[in-house]
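The values are calculated or read from the model by the stated rules, or taken from the named source; none is laboratory data. This is a predicted model, so every value here is computed, not measured. Note that each Cβ is placed from the backbone with ideal geometry, even for glycine, and that neighbours are counted across all protein chains shown.
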Amino acid sequence: MRRGDFNINGFVGSANGAVITNWFDTGIPERKTKLNNSAVGLDRAILFDDGNYANRDFEFEFSIQADTEAQRKSRYTAFMVALDTGKYVPATFYFDDQYQYQIVRTNAVNVTRPLVFSSTRIYKVKVNAAPYKYLLNV
């Protein structure tokens with residue numbers, strides 16, 4: 001996978017003039033634990049461990065380059081169709097291309113235009129990812 005490339009549910013960035021413009025940190029999932037400080041006679045809290053991990057939130061930013069406004073809209077629509085399925089979708093990013101994340105969009109997409117006469121748009125997408133990432137090509 002080339003630098004800046006990504007694949008979200010079959011939408012391949014390099015095939016659609018899209019590239020990740022800001023590297024982002026996917027974070028380490030938080031373990032689901034609870035501390036109980038109410039026990040009398042103990043000098044530390046009792047730890048309750050659910051044995052699970054919480055989902056993680058991150059935001060990624062990418063741009064779409066197109067020759068015409070119609071082409072840009074078509075590519076953006078294809079991206080949204082791939083992402084907005086109402087369930088988790090597979091996602092692979094160039095910086096972690098041996099692993100697949102399961103993501104779902106959690107907020108509106110923020111769209112900016114870097115230059116007035118530019119056909120490029122910058123998109124910021126907030127997603128929620130399942131705590132585990134899956135090894136590809138096993």
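Descriptive notes on the structure:
- Matching residues in the stretch 99-111 - criterion: being part of a strand (DSSP E or B) and within 16 Å of Phe79 (Cα to Cα): Gln102, Ile103, Val104, Arg105, Asn110, Val111
- Residue satisfying all of: in the stretch 57-74; charged (D, E, K, R) and out of contact with any strand residue (DSSP E or B) (no Cβ under 9 Å at 6 or more places or on another chain); modelled with the highest pLDDT among these: Lys73
- Total residues in the stretch 1-60, condition of a type in the set (Lys, Arg), in a strand (DSSP E or B) and loosely packed, with under 12 Cβ neighbours inside 10 Å: 1
- Residue within the stretch 113-126 that is farther than 24 Å from Arg3 by Cβ and either assigned to a loop (DSSP other than H, G, I, E, B) or not aliphatic (A, V, I, L, M) (or both) present: yes
- Residues located in the stretch 86-138, provided they are over 21 Å from Val12 (Cβ atoms) and basic (Lys, Arg): Arg113, Lys126
- Filter result (exposed (fewer than 15 other Cβ atoms within 10 Å of the Cβ) and not small (Gly, Ala, Ser)) within the stretch 110-125: Asn110, Val111, Thr112, Arg113, Pro114, Leu115, Val116, Phe117
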